[in-house]
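Take a look at the structure set out below.
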Amino acid sequence: MTTPILECHNLTKCYDHAGKVGLKNVELTLGRGKIIGLLGPNGSGKTTLIKLITGLLMPQSGELYVAGYHVGPLSKRVVSYLPELTYLNMNQKVKHLFDYFEDFYPDFRRERAENMLGRLGISPEERLKTMSKGTKEKVQLILVMSRDAEFYVLDEPIAGVDPAARDYILETILSNRNPESSVLLSTHLIHDIEPVLDEVVMIKEGQIQLVSTVEGIKERYGCSVDEMFREVFKC
Amino acid sequence: MLGKLIKYDLKANRNLFLLMYGILLASALGTRVVISDVVQELEGYSNVGLVAAFLMMSYMVALVTVSTMGYVLVIRRFYHNLFGSEGYLSFTLPVTAAQHFIAKTLSGLIWLFGSMMVQIISLLILFSGVFSRDMFGENMDMLIELYEPMINGQDLILQLVLAILNSVVSLMMIYFAVCLGQMARRRRILTAVICYFGMSFIFSMIEGVVTEAFITMDIYALESLIHYDVGYYLMNVLLVVLKMIIFGGGSILIMQKKLNLE
């Protein structure tokens, strides 16, 4: 039996200021080989869960395992993470960023990255600071998706980009991931992402509201994921 | 992985450091060339004197800049790479917080010691062959007589080792202050500065008390400038080790448990 890609047991994260609860007693298990949508409105706990998975935050209580490992260097080796913001050094050239990823991640496939870069017409000699916001995000996505990771964790990958760029990002995610790997996509733009999802996790105020396959939602509730989302999170 | 982290930390500031070193050494060389002309024409004013004064001032500015900017660049690298937006990449690399801290400390020390060596080289360039013992008269003889035992004795080695260890600890204290500062919700840099001065004050008090309580020699005697007893060295080494544990361990603990990226 293969180890789940993610296991959360009684996971709780509070933020010290104002006693705000990021996550509360989350129980979640995600299998391998799926594209999972982490759906919820702003402030629901999506980014908190992602930061716990990637080791950027520590939980107050509970346990979290990624590919069977406690969060640490071993789990980080198998996770390919795309944050919401630009996390690269703006003064660096693209080719040097490829060198960096190649140095630290044995699963980074440089040829794949260079092919994707070439298709976008971006020169490896360009510095990030000379690029538009959308192009920077594409470079980040290329770096992340050029790894043969077991778990891709993408935080709001299509927010703030034009519809054409969204299509490109989703197509890149689908065509470059290892079929045995899992992808966790957080978003509140359900309509755009629904066609690519296998499963959804809906989160509200730090608590899991629903975990289901996309097909399961259609069969059980007779509606799309987008409609389900609107129902679960209506104001 | 540690080696790779150090490599990229050194590369990050390489261009700026090499530029500063180049300017300093060029300034030293230029000033040296002009000064040797001035020394030969001490009897009268010439335009060379004004140029020499300007170049000497430029050299002094470059010398101070290398010291100051060296620390600024090293600290800036620590802050931006770990607690700025780059922290989202740094802390998701398959490395431990301890490896991050050690890499930043070692790379920072390499640049700071490198800066010190370049400054010494620039001074040697500037003053070699220009000034002679005869120019200072009997004062030079007295200075040499006073410091000769230190230059020739084991105290120099012990004092050098202590100076190096204190340099390491100084940098670790700055890093610890930055780690403490990033825990604040707002005004992180100000918080870090306050923490730094607070810790400096506290440790100065502790060292003062320890020195008074445990060191029996007369530290105000002139001989103490050139020869300390074993107790003094032992106590200082113990204090250095204690500081390393506090600053290093504290920084790593904060990075592991209390990371608060913007």
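The values are calculated or read from the model by the stated rules, or taken from the named source; none is laboratory data. None of these values were measured; they are calculated from a predicted model. Ideal geometry is used to build each Cβ from the backbone, glycine not excepted, and the neighbour counts take in all protein chains shown.
Checking each residue in region B:81-98 for being buried (at least 19 other Cβ atoms within 10 Å of the Cβ) and part of a helix (DSSP H, G or I) picks out B:N81, B:L82, B:F83, B:G87, B:Y88, B:L89, B:S90, B:A97.
Checking each residue of region B:204-220 against the condition of being polar (S, T, N, Q), part of a helix (DSSP H, G or I) and at pLDDT below 85 gives at least one match.
Scanning region A:107-149 for residues that are closer than 20 Å to B:Y88 by Cβ, touching a Lys or Arg at 6+ places or on another chain (Cβ under 8 Å) and of a type in the set (D, E, K, R) gives A:D107, A:R127, A:R147.
If you go through region A:60-84 and keep only what is part of a loop (DSSP other than H, G, I, E, B) and either out of contact with any Cys (no Cβ under 9 Å at 6 or more places or on another chain) or within 9 Å of another protein chain (Cβ to nearest Cβ) (or both), you end up with A:A67, A:G68, A:V71, A:G72, A:P83, A:E84. Looking only at region A:100-113, residues that are part of a helix (DSSP H, G or I) and at the interface with chain B (Cβ under 9 Å from one of its Cβ atoms) come to 3 in all. Residue by residue through region A:166-177, note down the ones that are among the aliphatic types (A, V, I, L, M) and either crowded, with 17+ Cβ neighbours inside 10 Å or without any contact (Cβ under 8 Å) to a residue 12 or more places away in the chain (or both). A:I169, A:L170, A:I173 - these are the residues of region A:166-177 that are among the aliphatic types (A, V, I, L, M) and either crowded, with 17+ Cβ neighbours inside 10 Å or without any contact (Cβ under 8 Å) to a residue 12 or more places away in the chain (or both). If the condition is being aliphatic (A, V, I, L, M) and either surrounded by fewer than 23 Cβ atoms within 10 Å (Cβ to Cβ) or in a strand (DSSP E or B) (or both), then region A:23-49 contributes A:L23, A:V26, A:L28, A:L30, A:I35, A:I36, A:L38, A:L39. Of the residues making up region A:30-58, those that are away from every other protein chain (no Cβ under 14 Å) and among the aliphatic types (A, V, I, L, M) are A:L30, A:I35, A:I36, A:L38, A:L39, A:L49.
Take A:L117 and tell me if it is closer than 19 Å to A:P179 by Cα, more than 13 Å from chain B (Cβ to nearest Cβ), of a type outside the set (G, A, S) and outside any loop (DSSP other than H, G, I, E, B). No; evaluated as a whole, the condition is false for this residue.
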